[in-house]
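The values are calculated or read from the model by the stated rules, or taken from the named source; none is laboratory data. A quick note: this is a predicted structure, and the numbers were derived from the prediction, not measured. Don't worry about glycine lacking a Cβ; one is built from the backbone with ideal geometry, like all the others, and counts go over all protein chains shown.
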């Protein structure tokens with residue numbers, strides 16, 4: 001660890017002596033190529049798309065990306081990401097990686113803490129990305145870019161108010177210091193809501209929301225190849241308990257069987273140093289980060305005995321990523337190394353069956369260390385073809401130390417340590433036609449490390465295997481004139497040791513492996529943009545099934561949990577009468593299954609959002625209605641042998657925002 005940090009410092013000192021060349025900018029794409037040229041599916045979500053859909057949380061991104069479902073228990077820490085049939089359903093380790101400003105978010109608990117008001121653009125890569133990104137990415141990457149510090153003074157302030165006492169505030173200042181090559185930015189977001197469900201027993205709102213985020217950046221960008229960005233962000237959320245309703249959807253916004261109010265509190269700190277040195281033919285990048293996350297949950301589950309649950313999670317991790325890209329006359333070479341050390345993963349839970357006066361006090365220490373070497377080489381065959389080959393070597397070392405006292409049983413302790421090593425290849429072939437189209441065929445292998453079921457009451461920990469995915473994708477991208485882009489893809493995933501989470505009646509989890517599973521489907525995205533009209537649309541269909549289970553053949557052929565069979569969205573913004581605009585989007589989320597036997601199924605639902613606004617001289621006013629027709633729907637579910645727990649989606653919310661840019 002010390003050697004890597006020392007090397008990062010050495011890289012900084014060396015590059016400070018760079019010779020002067022024309023200024024550069026931090027690029028938006030990992031390979032500095034457009035999504036049109038990339039040999040896999042890349043969904044580009046710019047700031048206007050986010051505004052049209054009135055995106056307020058990371059979960060709402062699933063309305064813009066086909067074959068994607070981002071859901072969870074209703075708070076910022078528990079997020080489930082499903083891409084093309086691969087899901088981290090109620091597991092702490094996502095199959096999706098997230099990067100913010102070229103720096104990886106170390107743990108999936110922090111994904112929901114992303115400040116959606118401070119985002120400039122988002123790239124969503126689908127499929128394994130092991131030879132493009134340093135952090136493991138079995139099924140995809142969410143690559144976020146926030147607003148970079150500017151060399152001219154800028155400022156923006158916005159405020160909003162809506163139903164259920166929804167309050168929003170965002171402020172940004174950015175500009176140069178006394179040294180014109182040294183710029184800064186400071187952004188603050190404060191959001192809150194009383195919540196949509198009321199606890200009839202206490203009289204309080206059940207699922208209140210309170211979010212505060214501070215982000216500051218210092219950028220050194222002289223007229224040389226050098227670009228240095230030092231950033232720090234701190235986010236705090238204080239949510240009410242997850243509004244999971246047991247066994248009923250008759251009155252989703254009134255909960256009358258929970259005698260106490262719960263909470264989900266989370267803090268996230270991220271410190272990062274990004275160094276980029278770009279010559280004419282090559283680019284060197286170093287990204288160093290230190291992150292801490294803390295989660296504290298208190299909740300009550302209304303089973304017959306009454307279950308009080310308290311969770312305490314404390315995480316700290318450092319990451320280091322080096323990347324070197326060389327451009328040759330007819331080829332490109334990317335070489336990278338990634339290292340992460342989870343210095344701390346301390347998990348504690350205290351559960352009490354109130355009627356029986358029995359407690360379960362469990363603790364787990366689960367640090368790990370990851371190292372990956374990755375490279376890909378792209379060779380252009382004339383002007384019409386290219387061939388890309390890549391390879392990733394990854395090793396993961398995990399330690400487990402657990403103490404358990406399971407509702408009156410004798411206390412047990414167990415320890416284990418395992419190292420997993422995988423080699424992940426990528427291969428693609430592309431054809432670039434004269435009509436501005438790009439057709440590609442890509443094979444990639446994805447991987448998610450294994451682990452242990454720490455809840456086993458024996459003195460031994462029960463392991464589950466690493467999950468691997470072989471993906472084949474055939475895609476076509478085309479630019480039609482100056483205003484229209486079209487992209488389509490067919491994909492097939494062969495999944496070994498699919499990770500499946502199951503629940504007992506006291507909501508204890510056990511992770512199983514389905515030896516074999518698959519998913520296949522199709523996607524289509526169409527965008528049209530002129531000066532006065534912006535239309536986007538996306539549609540995806542997927543079939544995802546388990547074909548071989550390790551424990552039983554009873555449920556073979558059933559659908560994979562939390563995978564929507566169909567997703568679709570269309571949105572538009574129309575500017576008229578010089579300064580007015582009208583925007584609307586329609587989103588459809590298909591049916592999903594929530595247990596292995598497929599007896600727990602939720603129907604698809606459609607949401608409609610509408611807004612009308614005015615924009616002039618830096619002022620922007622918007623009146624909006626989210627979930628215009630007040631559709632009642634279940635966006636997430638937990639199945640246990642005795643009960644079903646439903647999370648009901650947001651009702652209709654009416655509101656307005658007013659902003660001013662300087």
Inset, instruction - Just one of (1) under 17 Å from the mean Cα position of the chain (by Cα); (2) surrounded by 20 or more Cβ atoms within 10 Å (Cβ to Cβ); (3) over 26 Å from residue 334 (Cα atoms) trips up residue 174, so point out which. - result: (1)
Legend entry - Index of the failed condition, residue 7 passing every other in (1) surrounded by fewer than 21 Cβ atoms within 10 Å (Cβ to Cβ); (2) at pLDDT 85 or above: (2)
Legend entry - The one condition in (1) surrounded by 20 or more Cβ atoms within 10 Å (Cβ to Cβ); (2) farther than 23 Å from residue 37 by Cβ that residue 122 fails to fulfil: (2)
Legend entry - So residue 380, is it farther than 30 Å from residue 453 by Cβ, modelled with pLDDT of 90 or more, assigned to a strand (DSSP E or B) and under 30 Å from the mean Cα position of the chain (by Cα): no
Legend entry - Hits in segment 473-508 - residues which are within 23 Å of residue 600 (Cα to Cα), modelled with pLDDT under 90 and more than 22 Å from the chain's Cα centre (by Cα): 502, 503, 504, 505, 506, 507, 508
Inset, instruction - Mind telling me which of the residues 304, 386, 360, 375 ends up being at pLDDT below 95, in a strand (DSSP E or B) and either farther than 27 Å from residue 74 by Cβ or more than 22 Å from the chain's Cα centre (by Cα) (or both)? - result: 360
Legend entry - Selection from segment 307-328 of residues that are farther than 17 Å from residue 343 by Cα, touching a strand residue (DSSP E or B) at 6+ places or on another chain (Cβ under 7 Å) and surrounded by fewer than 18 Cβ atoms within 10 Å (Cβ to Cβ): 308, 310, 311, 324, 326, 327
Inset, instruction - Considering every residue within segment 264-283, establish whether at least one is more than 28 Å from residue 148 (Cα to Cα), without any contact (Cβ under 8 Å) to a residue 24 or more places away in the chain and either under 22 Å from the mean Cα position of the chain (by Cα) or surrounded by fewer than 16 Cβ atoms within 10 Å (Cβ to Cβ) (or both). - result: no
Inset, instruction - Given the conditions (1) at pLDDT below 95; (2) touching a strand residue (DSSP E or B) at 6+ places or on another chain (Cβ under 9 Å), report the number of the one that residue 653 does not fulfil. - result: (1)
Legend entry - residue 55 vs. criteria surrounded by fewer than 24 Cβ atoms within 10 Å (Cβ to Cβ) and assigned to a strand (DSSP E or B): no
Inset, instruction - For segment 391-408, state whether one or more residues are buried (at least 16 other Cβ atoms within 10 Å of the Cβ) and more than 30 Å from residue 460 (Cα to Cα). - result: yes
Legend entry - Condition broken by residue 503, with the remaining ones in (1) in contact (Cβ under 8 Å) with a residue 40 or more places away in the chain; (2) farther than 30 Å from residue 128 by Cβ satisfied: (2)
Inset, instruction - Please state which of the following conditions residue 329 fails to meet, knowing it meets all the rest: (1) touching a residue at least 12 places away in the same chain (Cβ under 8 Å); (2) outside any strand (DSSP E or B). - result: (1)
Inset, instruction - Determine, yes or no, whether residue 123 is touching a strand residue (DSSP E or B) at 6+ places or on another chain (Cβ under 9 Å), closer than 22 Å to residue 561 by Cα and touching a residue at least 60 places away in the same chain (Cβ under 8 Å). - result: no
Legend entry - Residue in segment 575-583 that is touching a residue at least 24 places away in the same chain (Cβ under 8 Å), touching a helix residue (DSSP H, G or I) at 6+ places or on another chain (Cβ under 9 Å) and crowded, with 20+ Cβ neighbours inside 10 Å present: yes
